[in-house]
Amino acid sequence: MKTLLLSLLLLLSALAAAVQAQPTAKDTTEAKRFYIGATATTMGYNVKYREEPKGGDIHTRGVLNMGYRLSKRARVQVGVSYGTANTYNDVVYVEAEDKLIFYDEVSRSRGIAVPITGEYILLYPFRRLQLYGTAMLTPVYSTTRVKKTERREEESTVTYDEQASGFSASLSAGFGLGYPVSKRLDAYFNYYMISRDFHRNLRRRDEYPYPGSLAIGLNYNFNLKREK
């Protein structure tokens, strides 16, 4: 957690310094640098708690973003996303020929992710098409509840019912393609090749969320005249 807080402070400090370094003239230059956007994504996050239950996986589907262009090539943005995950397990135990025991386990996870993204345009393969690198630090606050039930004939008994919550974070990186659809709209497609969790000490892993997450979306620019 100390590593996460330090990373967040460094990133926010760099952002604040970059914003302060921009011109403060009373014209429309600053307004042209801001944008908002919406993203559809397959990104997921693994969460872990110190107490029981130990953790789970969060699946997200969409992100709302607000961004700022530091220069013609560099930009940063902050987003917010809500994710869920539900798992159900049923087991039937035959105690006797006419006696069955049903074991049900339900796990429900909910989380709010705040992805902080930095992007840098590497080149223009065509006149307007952008190829950029993207890196994302994502703090996540989540809760997970696990409930286990035992059913014998008509009688049902809750044998386990616990809930845990906490913070976790992950790092993701990859490449993206951007294209200006109009003066105000930019379309983009991202492919994240790298995904690491802080609670796993950023080690490479094969389990969920798998490398190869995708994202596609649109940004709305607060300017009428696009910078070339």
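Values quoted throughout were computed directly from the atomic coordinates according to the rules given, and no laboratory measurement underlies them. Predicted model only: the values in this text are computed from it and were never measured. So basically every Cβ, Gly included, is an ideal-geometry build from the backbone, and we count neighbours across all protein chains shown.
Brief remarks on what is shown
- Shape class of segment 113-181 from the alpha-carbon gyration tensor: prolate, with a/c at 1.5 or above and a/b greater than b/c.
- Relative contact order for segment 45-99: 27 percent, from Cα pairs under 8 Å spaced at least 6 residues apart, divided by residue count.
- Local electrostatic count at Leu123 - Lys and Arg +1, Asp and Glu -1, tallied over other residues with Cβ under 14 Å: +3
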